[in-house]
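Notes follow the structure.
The values are calculated or read from the model by the stated rules, or taken from the named source; none is laboratory data. What you see is a predicted model; the values in this text were computed from it and never measured. Every residue, glycine among them, receives a Cβ derived from its backbone with ideal geometry; neighbour counts consider all protein chains shown.
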Amino acid sequence: MRPLKLSLRPGREPPPMPDNRERSFLFLQGPLSPFFRELGQALACAGCAVHRINFCGGDVFFWPSGNTHCWRGHVYEWPLWVAELMESCRVTDLVLMGDWRPLHREAIWIARLRGNRIWVYEEGYLRPGFVTLEEGGVNAYSSLPHTPGQVRRRARALAGERQPVPSLAPNPMMGRVLKTAWNHIGNVVLWPYFHRYRTHRPYNIGRELLGHIPRYLNRHKRRRHGLEVTRTLLRGGVPFYLMPLQLDADSQVRRHSPFTGMLECMAMVITDFARNAPAGSYLVFKNHPLDNGLRNYRRYMRSLGRAAGCSERLRFVEGVNPGPLLRKARGLVLCNSTIGMSALRMNKPVYCLGKSIYAMPGLAVNASQMSLADFWKSLPAPDPELMRDFFRVLRHDALVPGNFYSTQGIMDAVSASLERMGVTKGDEHDRRA
């Protein structure tokens with residue numbers, strides 16, 4: 001077999017943004033919505049070449065036609081297959097959501113070797129009203145400045161630059177649920193064609209439904225209990241710390257923290273709280289609103305609390321607005337959830353157990369600065385000036401207004417994405433919008 005000759009430029013920085021007609025965008029998997037299809041159409045209307053790889057039936061349902069390529073091979077064949085596709089399509093830009101997913105990682109490494117630009121989407125660092133779009137990587141792979149000095153220098157460079165404002169487009173949960181269901185229907189209907197496909201999530205849809213259905217049926221009961229616990233804490237004036245839980249399957253937990261999942265993270269925090277937190281203080285766990293119910297965190301908390309001798313000082317809530325708890329909490333302990341940034345904006349001390357874009361001296365505390373045992377008592381508050389600089393840089397360099405799920409939110413995110421990617425809008429796209 002004749003070896004593939006790639007146009008490789010190892011170690012070279014991406015060149016300046018070329019003309020639209022010289023750019024070729026390759027889309028991998030995106031959010032469970034039509035967002036990538038709409039963005040691809042806008043790029044095509046602007047004169048760019050656009051290609052899409054569909055990995056499963058859900059991908060096909062959201063992007064059924066238009067320069068699509070179906071990947072149905074074995075994982076061992078993927079690197080050469082995608083490299084050949086990049087070469088034949090003369091790809092200059094790679095677009096994807098989730099830079100840690102299987103298959104995405106190999107495509108990113110090959111794209112870097114080619115000198116391509118890599119555009120990575122995620123749910124917004126600040127929500128609602130924004131989605132994350134960074135060039136090169138997100139979260140622990142982000143190119144955002146990661147020291148106070150770098151943040152301040154970048155903020156000074158942005159002085160006078162227009163700051164993006166959040167989109168006001170609605171983003172109802174039901175719309176997201178329906179689009180997720182549409183994706184799963186596509187996976188089931190076209191499974192014979194994509195029978196090798198394996199989701200990046202640790203659980204298949206059948207198992208997740210076994211958790212979601214009972215949670216949906218008893219959601220009102222859980223919310224009533226959460227409201228009751230919240231009212232008791234706030235009215236009683238007891239000192240408490242808040243720990244927001246993340247989704248167990250979140251890459252922020254499984255790849256960008258020292259833990260294998262949220263249970264291990266809870267175990268570490270509860271035992272440290274029992275040993276080192278001030279007497280009379282409480283620790284409140286708030287469950288993630290999209291938790292699939294496959295981990296019974298409340299039951300685990302009670303068991304571990306009894307084992308550690310602090311069960312009377314532990315509380316568990318879900319289905320409630322975190323705002324009142326954030327405002328009254330002495331401090332937050334978390335893995336690396338984006339809710340930590342909301343707490344910083346309220347001038348709350350935050351301890352980050354994992355890797356995070358906001359864990360640095362003057363913002364959130366991590367293990368390199370202080371032990372959790374010391375944090376319970378010292379509670380260092382964030383530096384207001386550094387915090388303002390950080391959020392200025394974050395909005396300008398890593399966020400675009402919009403969302404992935406509502407019609408208006410998608411339109412806002414598409415328009416802002418074109419600007420971030422250095423693409424001049426085409427006349428046809430302007431008429432469509």
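Which condition from (1) of a type outside the set (S, T, N, Q); (2) surrounded by 15 or more Cβ atoms within 10 Å (Cβ to Cβ); (3) not in a loop (DSSP other than H, G, I, E, B) is the one that Leu247 breaks?
Only one criterion in (1) of a type outside the set (S, T, N, Q); (2) surrounded by 15 or more Cβ atoms within 10 Å (Cβ to Cβ); (3) not in a loop (DSSP other than H, G, I, E, B) is unmet by Leu247, namely (3).
Among Arg223, Arg298, which is on the phi < 0 side of the Ramachandran plot and exposed (fewer than 15 other Cβ atoms within 10 Å of the Cβ)? Before the answer, list the steps.
Details: Arg298 fails: exposed (fewer than 15 other Cβ atoms within 10 Å of the Cβ).
Criteria check complete, one pass: Arg223.
Among the numbered conditions (1) assigned to a helix (DSSP H, G or I); (2) under 17 Å from Leu126 (Cα atoms); (3) not small (Gly, Ala, Ser), tell me where Phe404 comes up short.
Looking at each condition in turn, Phe404 falls short on (1).
Mind listing whichever residues of the range 161-198 are modelled with pLDDT under 85 and either over 26 Å from the mean Cα position of the chain (by Cα) or part of a loop (DSSP other than H, G, I, E, B) (or both)?
Residue satisfying the conditions is Arg198 alone.
Among the residues of the range 221-239, is any free of Cβ contacts under 8 Å to residues at least 60 places away in the same chain, under 14 Å from Gly293 (Cα atoms), in a loop (DSSP other than H, G, I, E, B) and of a type outside the set (D, E, K, R)?
The answer is no; no qualifying residue exists.
Looking at Arg101, Arg154 in this structure, which one is touching a residue at least 12 places away in the same chain (Cβ under 8 Å), assigned to a loop (DSSP other than H, G, I, E, B), surrounded by fewer than 22 Cβ atoms within 10 Å (Cβ to Cβ) and not β-branched (Val, Ile, Thr)? Spell out the reasoning first.
Details: Arg154 fails: assigned to a loop (DSSP other than H, G, I, E, B).
The match here is Arg101.
What number of residues in the range 120-151 are part of a helix (DSSP H, G or I), at negative phi and of a type outside the set (Ser, Thr, Tyr)? Outline the logic, then answer.
Quick first cut of the range 120-151, residues part of a helix (DSSP H, G or I) only: 139-141, 148-151.
Narrowing further to those that are at negative phi: 140-141, 148-151.
Of the ones still in play, those that are also of a type outside the set (Ser, Thr, Tyr) are 140, 148-151.
Result for the range 120-151: 5.
Table: residues versus (1) in a helix (DSSP H, G or I); (2) more than 25 Å from the chain's Cα centre (by Cα); (3) farther than 18 Å from Asn116 by Cα.
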site: Arg21; (1), (2), (3): yes, yes, no
site: Phe25; (1), (2), (3): no, no, no
site: Leu32; (1), (2), (3): no, no, yes
site: Leu39; (1), (2), (3): yes, no, yes
site: Leu43; (1), (2), (3): yes, no, no
site: Gly58; (1), (2), (3): yes, no, yes
site: Phe61; (1), (2), (3): yes, no, yes
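How do the pairs read when you match residues in the range 294-321 that are outside the structural domain of Ile339 (by TED's automatic domain parsing) and over 18 Å from Asn218 (Cβ atoms) with residues anywhere that are assigned to a helix (DSSP H, G or I) and among the acidic types (Asp, Glu), using Cβ under 7 Å and keeping only pairs 6 or more apart or on different chains?
Within 7 Å, no pair qualifies.
Does at least one position in the range 25-39 carry a residue that is surrounded by fewer than 20 Cβ atoms within 10 Å (Cβ to Cβ), of a type in the set (Phe, Trp, Tyr) and farther than 17 Å from Asn183 by Cβ?
The answer is no; no qualifying residue exists.
Do we have any residue at all in the range 136-149 that's buried (at least 21 other Cβ atoms within 10 Å of the Cβ), closer than 30 Å to Thr407 by Cβ and touching a Gly at 6+ places or on another chain (Cβ under 7 Å)? Break it down into steps so the answer makes sense when it comes.
Taking the range 136-149 and keeping what is buried (at least 21 other Cβ atoms within 10 Å of the Cβ), we get 138-139, 142.
Those left that are additionally closer than 30 Å to Thr407 by Cβ: 138-139, 142.
With touching a Gly at 6+ places or on another chain (Cβ under 7 Å) added as a condition, the list becomes none.
No, the range 136-149 contains no residue that is buried (at least 21 other Cβ atoms within 10 Å of the Cβ), closer than 30 Å to Thr407 by Cβ and touching a Gly at 6+ places or on another chain (Cβ under 7 Å).
Just wondering, is there one or more residues in the range 261-283 that are touching a residue at least 40 places away in the same chain (Cβ under 8 Å), hydroxyl-bearing (Ser, Thr, Tyr), in a loop (DSSP other than H, G, I, E, B) and surrounded by fewer than 18 Cβ atoms within 10 Å (Cβ to Cβ)?
Narrowing the range 261-283 to residues touching a residue at least 40 places away in the same chain (Cβ under 8 Å): 262, 265, 268-270, 272-273, 275-278, 280-283.
Keeping just the survivors that are hydroxyl-bearing (Ser, Thr, Tyr) gives 281-282.
Okay, now just the ones that are also in a loop (DSSP other than H, G, I, E, B), so 281.
From the residues that got through so far, the ones that are surrounded by fewer than 18 Cβ atoms within 10 Å (Cβ to Cβ) too are 281.
Yes, the conditions are met somewhere in the range 261-283.
Could you say whether any residue in the range 304-312 is of a type in the set (Ser, Thr, Tyr) and outside any strand (DSSP E or B)? If you could, list the steps in order and put the result at the bottom.
Of the range 304-312, the ones of a type in the set (Ser, Thr, Tyr) are 311.
From what is left, the residues that are outside any strand (DSSP E or B) are 311.
Yes.
Mind listing whichever residues of the range 124-137 are closer than 16 Å to Leu96 by Cα and modelled with pLDDT under 90? So that I can check it myself, show each step before the final result.
Residues of the range 124-137 that are closer than 16 Å to Leu96 by Cα, as a first pass: 124, 131-137.
The answer is Gly124, and nothing else.
Among the numbered conditions (1) in contact with a strand residue (DSSP E or B) (Cβ under 8 Å, 6 or more places away or on another chain); (2) farther than 21 Å from Val238 by Cα, tell me where Leu294 comes up short.
(1)
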